[in-house]
1. Kindly report the accessible area of the range 142-220 per residue (heavy atoms of protein chains, probe 1.4 Å, no ligands, DNA or RNA), in Å².
2. Ignoring ligands, DNA and RNA, please state the percent of accessible area on the range 230-305 from carbon and sulfur, probe 1.4 Å.
3. How many Å² of accessible area per residue for the range 391-469, probe 1.4 Å?
4. So if R0 is 30 Å, what FRET efficiency would residue 304 and residue 166 give, r being the distance between their Cβ atoms, rounded to the nearest 0.05?
5. How many percent of the accessible area of the range 391-469 is carbon or sulfur, using a 1.4 Å probe?
6. Given the alpha-carbon gyration tensor of the range 40-190, what are the semi-axes of its equivalent ellipsoid in whole angstrom, ordered largest first, with each equal to the square root of 5 times an eigenvalue?
7. Report, to one decimal in Å, the Kirkwood hydrodynamic radius for the range 132-221 based on all distinct Cα pairs.
8. Would you work out the relative contact order for the range 391-469, in percent, from Cα pairs under 8 angstrom that are 6 or more residues apart?
Amino acid sequence: MHEENKAAPNGCGKIRSGTQNEAALLALMEKTGYSMVQENGQRKFGGPPPGWEGPPPPRGCEVFVGKIPRDMYEDELVPVFERAGKIYEFRLMMEFSGENRGYAFVMYTTKEEAQLAIKILNNYEIRPGKFIGVCVSLDNCRLFIGAIPKEKKKEEILNEMKKVTEGVVDVIVYPNATDKTKNRGFAFVEYESHRAAAMARRRLIPGTFQLWGHTIQVDWADPEKEVDEETMQRVKVLYVRNLMISTTEDTIKAEFNKFKPGIVERVKKLRDYAFVHFFHRDDAIAAMSVMNGKCIDGASIEVTLAKPVNKEGTWKQHFNGQISPGSENLLGFPNKEDGHQKSLGRPASLSVRLNGQQSPGPPEVERCTYPFFPGIKLTPISMYSLKSSHFSSAAMHLDYFCNKNNWAPPEYYLYSTTSQDGKILLVYKVLIPSIADGSQSYFMPDKLCTTVEGAKELAAQFTLLHLGKHKRFQL
């Protein structure tokens, strides 16, 4: 076992030497009977545990743990996670220095234990003022491939991917929103395992790799959010995709009501997809079966159960292709249609990721209100003396970001156009005067909004996303 050379504090805040660390881990192994091996930047505790017979636990039994104090190890962590159930394997990611990397994966023997761990340990105060995050972990087996020629059919893409990579199971291709004879310039490639997908990504990732004479884009696809069966049993909303842009909400409602008059409560359509709300779940299930594959205005539609928004707002991280599902805003803005939509068919939420982190503002921002009693002392404070975690608005986060980099405040310029149905649509251009030095100084999203507030938030998020790609800018 690797012996840490540096001293580290234990859970009581006292400095603990490398020898003491090793002694604590050996004591844990002796007490539990589990083995411990360090390899490839991670330390494995168990996997399998003593006396285990049969195959490893099924998919859905592993949780991802983030925000672990860097000087905390298995002797402190394992007892905490054992509260939820029997641990099959605990994998703590390690630095060469001997510190942990701030995150781990815990596999339980059953899905129920994993769900209980999320319930009781997410946002758990593991040390004074230190809160960990716990969510479900999934092995990602799907790659996003962008910059694909739009005239290519599914069969051509599938055959080509099988030629250049191994373990291809399927390819998912969506028709263009305006021209159904073409694809959208991207596809999702499903592999037989996470390892096969990782090997394919490694082979395809260099910018020199070309398909059909085009340099393609390759990244991990954002997996669809998994919702527990109990929640899905209550869903009475259908997600309908591959609609024509010109198809109206009234047309969709009328088509679904043909199956059984009066069953549709309302329809919300965004671009080429829609959400159909039913009064009763049984009618939604029956309509899904009947309407999937039907033609509306010449387009063959796909109908599935909509996955509900997680109103508590989960966080998400991804490391080495391991991605945990975050909340999806079903009525949010879709990603860019051509070549940049990494989530499988679902519209993205308004939040964006900067350098792999969810932004603006972490989801644990506290939005509660507290009573203001007479006599409470108030202290003048500038918003710029706060931390970025205090901002839930992208516009406020961008303002804070500019101040942090000693820039002038961002300037917003509003533009409008009229949609085909007569609605006024709005978009903001954001100018950052302080970076007008040859690099891009203004930013404008490729989506239009119906409200000024929505347009400003989207523009601010778009700007933050692009600024985050430049390492010289301090986020």
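1. Roughly 50 Å² per residue, with all protein chains present.
2. 50
3. Working: 3950 Å² over 79 residues.
Counting only protein heavy atoms, the per-residue value for the range 391-469 is 50 Å².
4. Working: r = 30 Å, r/R0 = 0.99.
Efficiency for this residue pair is about 0.50.
5. 52
6. 40, 18, 16
7. 13.6
8. It comes to 29 percent, rounded to a whole number.
The values are calculated or read from the model by the stated rules, or taken from the named source; none is laboratory data. Every value quoted in this text rests on a predicted model; they were computed, and no experiment measured them. Cβ atoms come from the backbone with ideal geometry, glycine included; neighbour counts cover every protein chain shown. These area figures cover heavy atoms from the full protein model, side chains too; ligands, DNA and RNA do not enter into them. Shrake-Rupley method; radii C 1.70, N 1.55, O 1.52, S 1.80 Å.
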